[in-house]
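The next block holds one structure in the form of structure tokens; read it before the comments.
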Amino acid sequence: MSLGLSFDLLLGASLLWSGWRALSTPRLDRALVLFIVFGLLMTLTWARLAAPDIALAEAAIGAGLTGALLLDAYGVLQAKRLAAEARK
């Protein structure tokens with residue numbers, strides 16, 4: 001078994017694991033981090049498939065911009081929840 005094939009199998013297994021964990025975790029903050037990890041693993045996958053344009057788009061949009069927006073939205077939700085609890 002060549003080193004490249006071993007890396008591809010490990011990458012595929014990591015994609016499946018991180019996607020499953022992102023969907024099945026009960027905590028939203030962990031799910032967001034796993035979503036970003038999934039996007040970065042997808043970037044590596046596209047790079048391995050010799051599609052650098054798609055890999056760059058995935059890194060910039062999928063993992064970067066979308067991940068940052070989701071983390072910001074999570075922070076706003078946490079702040080509103082804490083403010084609502086403080087009013088009680």
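Here, each number is a calculation from the coordinates, and none is a lab measurement. As the structure is a prediction and not an experimental result, all values here were calculated from the model. No Cβ is skipped: glycine too gets one built from the backbone with ideal geometry, and neighbour counts run over all protein chains shown.
I'd like to verify a number: residues in the range 1-36 that are surrounded by 14 or more Cβ atoms within 10 Å (Cβ to Cβ), in contact with a helix residue (DSSP H, G or I) (Cβ under 9 Å, 6 or more places away or on another chain), without any contact (Cβ under 8 Å) to a residue 24 or more places away in the chain and not basic (K, R), how many?
Qualifying residue count for the region: 7.
It is to be established whether one or more residues within the range 40-47 are loosely packed, with under 11 Cβ neighbours inside 10 Å and either aromatic (F, W, Y) or in a helix (DSSP H, G or I) (or both). No, the range 40-47 has no match at all.
Number of residues in the range 11-39 that are touching a Ser or Thr at 6+ places or on another chain (Cβ under 6 Å) and in a loop (DSSP other than H, G, I, E, B): the value is 0.
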